[in-house]
Amino acid sequence: MSFKTLSDADLKGKRVLTRVDLNVPMKDGKVTDATRIERVLPTIKEISAAGGKVILLAHFGRPKGAKVPEMSLAPVAPAVAELLGKPVAFADDCIGESAKAAVDAMAEGDVLLLENTRYYAGEEKNDAEFAKELAANGDIFVNDAFSAAHRAHGSTEGLAKLLPAFAGRTMQAELEALGSALSTPERPVLAVVGGAKVSSKIDLLENLVSKVDILVIGGGMANTFLAAKGVNVGKSLCEHDLADTANRIMAAADKAGCEIVLPADAVVAWEFAANTKNETVALDAIPADAMMLDVGAASIEVVKAKIDAAKTLVWNGPLGAFEIAPFDKATVAAAQHAAARTKEGKLKTVAGGGDTVAALNHAKASEDFSYISTAGGAFLEWLEGKELPGVVALEKA
Ligand code: AMP
């Protein structure tokens, strides 16, 4: 993987079209979680300090090519300004006259946010004309939105073809972290994959068995594997129709020399609710009327031992129904163990994908992980081994 970074860019006096992820959660016109804004601050600050004119490009929600007022980026500009500690101007269009006028008014080091790129259908269609109109307001392109890199859109892929293109610092950190976890990792590499269903993670599992040394499967998806092996899983969440898929993945792992680790015991309950009656049982003793909501104590010990044996860990998905106590126990124990090993300098830990971030935050393990991706879809596609168009475009630039 090779791409240019901000260190390679001559920024002074340049109009720098900077693609960022500002798709932040909002309520009543106020940003409720500024994590995404915080992530792009280093890039904005660096370009600005180097005398570049920072022109922020972003999407917000899914207006599908229409100017939906509720999906305006206008309220996000003051939120960026506050965290940045300097003014952020706003233009009510991302192309055309008003965008051009706002860009023309910029001095070196200024920051400007352009309106939602998805107000134009050309964005998601990656229309060449639309990308050209965006490019008209820039001298160089910086992409700092890894989370949008799995889509070939005008402001991600299209622009990288039209202007000298560079990875922003957050994009760079993400790509370096992911690369060191799967492309050029220190072995043994352990993957921990949990979550609800096999069906949503077939590609991911198939890619991982070809790349990692050990694959721990937990959560609801483990039930499908256990059932395929003849375990009676009672009323557990289980995709019985995917038994063949599970067997195929296990055979592929065998062939690739990847050890698959399934739960050795389970915590079962009779209803999906917090603090409900529960028991830890062996796999041959799962009551027909109960469901497995977490892996048991014996399984936790196995997972910890695998973590101890690994030099690199990639994690996606919880080991149990972590939102409802006490079925968060295995996820918390494994996450804290991995965090401690990372802190000791014995393990590199990379995690990501929707619920995983919430699960690791819940376990208070996030701080000590080497890298946590907040990218969701892009992180999962990367785990699936797919090429991300936004990244490919940077590599070709
Ligand atoms: P995913 O989005 O695929 O990573 O799935 C995350 C969801 O899987 C969480 O909401 C968990 O509550 C759920 N989950 C994990 N383990 C189980 C289980 N054994 N039974 C039911 N749901 C589970």
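Each value in this text was obtained by applying a stated rule to the coordinates, not by laboratory testing. Here the structure is a predicted model, which means the values were calculated and not measured. Cβ sites come from the backbone with ideal geometry, for glycine too, and all protein chains shown count toward neighbours.
Give me the net charge for the shell around Ala9: Cβ to Cβ below 15 angstrom, other residues only, Lys and Arg +1, Asp and Glu -1.
It works out to a net charge of +2.
Could you state the angle between the C-alpha long axis of helix 329-343 and the longest principal axis of the C-alpha atoms of the chain, as a value from 0 to 90 degrees rounded to the nearest 10?
The answer is roughly 60 degrees.
Local charge sum around Ala128 (other residues, Cβ-Cβ under 14 Å, Lys/Arg +1, Asp/Glu -1)?
Numbers: positive: Lys125, Lys132, Lys161; negative: Glu123, Glu124, Asp127, Glu129, Glu133, Glu157.
Residues near Ala128 contribute -3 overall.
Please list, in chain and number order, the residues 5+ apart from Ile260 or on another chain whose amide H is under 5 Å from its amide H, with Hs placed from the backbone.
Here Leu215 satisfy the definition.
Can you check what the net charge comes to around Ala105, using other residues whose Cβ is under 15 Å from the Cβ of Ala105 (Lys, Arg +1; Asp, Glu -1)?
-3
Cut-off under 24 Å on the C-alpha distance; same-chain residues fewer than 8 positions from Lys4 excluded. Which lysines are left, in chain and number order?
Lys12, Lys14, Lys45, Lys53, Lys132, Lys161, Lys386, Lys396
With a ≥ b ≥ c the root eigenvalues of the C-alpha gyration tensor of region 6-171, is it rounded (a/c under 1.5), prolate (a/b larger than b/c) or oblate?
rounded
Pull out a ≥ b ≥ c, the square roots of the eigenvalues of the alpha-carbon gyration tensor of the chain, then state rounded if a/c is under 1.5, prolate if not and a/b is larger than b/c, and oblate in the remaining case.
Prolate.
Determine, for each peptide in 73-85, 380-392, 208-220, the mean count of other beta carbons within 10 angstrom over its residues, then list the peptides with the highest first.
208-220, 380-392, 73-85
Please report how many Lys pairs in region 269-374 have alpha carbons closer than 22 angstrom, counting only residues at least 8 apart along the chain or sitting on separate chains.
Step by step, the pairs that qualify in region 269-374 add up to 20.
Specify the angular offset, from 0 to 90 degrees and rounded to the nearest 10, of the alpha carbon long axis of helix 297-309 from the longest principal axis of the alpha carbons in the chain.
Its long axis makes an angle of about 50 degrees.
So in the chain, what percent of DSSP beta bridges are antiparallel if you round to the nearest 5?
20
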